[in-house]
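Worksheet: one structure, shown below.
The values are calculated or read from the model by the stated rules, or taken from the named source; none is laboratory data. Quick caveat: nothing in here was measured; it's all calculated off a predicted structure. All Cβ positions, glycine included, derive from the backbone under ideal geometry; neighbour counts span all protein chains shown. The accessibility values were calculated without ligands, DNA or RNA, using every heavy atom of the protein model including side chains. Shrake-Rupley method; radii C 1.70, N 1.55, O 1.52, S 1.80 Å.
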Amino acid sequence: MKNSVLGKIKNQISSVKTEERQLQEYLSTFDFESFEINENDKNFITERENVFIKNGKIYSDSLYKMCLTLLEIKERLTNSEIGFMAWYTHIGLNKDKVSELLKRAYLYKHFNSHKPFISSLSGYAVRVITAKEVTFDEQLEIIENKITAVKEIKETINNNESIGEIVTSNKTFKYFNIKSVEKIHKDVEKMDLKEVFNAKKEIEIYKKLLKEAEKKLEEKEKEYENKDNLKLLEAD
């Protein structure tokens, strides 16, 4: 009994020493000198950076396992959607959270070498990247370039669609009339200088109005991102 207790103590001491050694061996790649951060502060920050990075990896691995496990359970209960809903509600998940985790599982499965990046994405970013209209190549471009901001993700997706494709795609817009843009494309060749000037002036005014609308939408997006992060913290 005595030897067993001593063995446990030795193991605990050994574990603490190993952890201390790992903290000491960790080297930050941050350029402390350029920002005139003194040696004491450098050591202080480096130790805590190690803790932050280490736990970030643990979080990434945990999220990965949760998402893939949830997907396995959903596939197992593929003939019982009601049973699946009852099960995830029982363990404290809601429909939106399950949807996000399953979409993240899709990204993990298809882009497995980018696991840490996928774990870093907000729930809202995951939903945007996995939207039905987003192609695999667009998803790959976003992930390989490590684009996390929802605004930049949307810009990447939209930039892959030319104006000509938009005009001829019969796409319906809730807030914009595409016929106005079509008219400019059709009329531009026969415009005189005054008409060109007036058209450009109208576009500038419209761009200012769009900028204001975009700012309000971004503020609303930020609210959703913050809610997602808060839910994730609560879940932890």
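Would the range 147-165 turn up any residue that is modelled with pLDDT of 85 or more, among the basic types (Lys, Arg) and either in contact with a Gly (Cβ under 7 Å, 6 or more places away or on another chain) or surrounded by 11 or more Cβ atoms within 10 Å (Cβ to Cβ) (or both)? Steps first, answer last, please.
Of the range 147-165, the ones modelled with pLDDT of 85 or more are 147-157.
Adding the requirement that they be among the basic types (Lys, Arg) leaves 151, 154.
With the extra rule that they be either in contact with a Gly (Cβ under 7 Å, 6 or more places away or on another chain) or surrounded by 11 or more Cβ atoms within 10 Å (Cβ to Cβ) (or both), the set shrinks to 151, 154.
Yes, there is a match, as at least one residue in the range 147-165 is modelled with pLDDT of 85 or more, among the basic types (Lys, Arg) and either in contact with a Gly (Cβ under 7 Å, 6 or more places away or on another chain) or surrounded by 11 or more Cβ atoms within 10 Å (Cβ to Cβ) (or both).
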Examine the range 44-66 for a residue that is of a type in the set (D, E, K, R), within 30 Å of THR29 (Cα to Cα) and touching a Ser or Thr at 6+ places or on another chain (Cβ under 7 Å), and state whether such a residue exists. yes
From the set of residues in the range 56-69 that are open to solvent by 40 Å² or more (accessible area, probe 1.4 Å) and of a type in the set (A, V, I, L, M), which is nearest to SER120 (Cα to Cα)? ILE58
For the range 28-49, check the following and say yes or no: at least one residue is among the aromatic types (Phe, Trp, Tyr), in contact (Cβ under 8 Å) with a residue 40 or more places away in the chain and either surrounded by 12 or more Cβ atoms within 10 Å (Cβ to Cβ) or closer than 30 Å to LEU93 by Cβ (or both). no
Which residue pairs have Cβ atoms closer than 6 Å, lie 6 or more positions apart in sequence or on different chains, and pair a first residue in the range 111-140 that is of a type in the set (Asp, Glu) with a second residue that is outside any helix (DSSP H, G or I) and surrounded by 13 or more Cβ atoms within 10 Å (Cβ to Cβ)? GLU138/ASN160
Please enumerate the residues belonging to the range 83-142 that are of a type in the set (Gly, Ala, Ser) and closer than 16 Å to GLU155 by Cβ. ALA125, ALA131
Exactly one condition in (1) touching a Lys or Arg at 6+ places or on another chain (Cβ under 9 Å); (2) farther than 21 Å from ILE153 by Cα; (3) modelled with pLDDT of 80 or more is false for GLU218; which is it? (2)
So GLU204, is it at pLDDT 85 or above, open to solvent by less than 100 Å² (accessible area, probe 1.4 Å) and not polar (S, T, N, Q): yes
Take residues that are open to solvent by 80 Å² or more (accessible area, probe 1.4 Å) and tell me which of the helices (runs of 4 or more DSSP H) falling wholly in the range 70-131 contain 3 or more. 81-90, 95-110
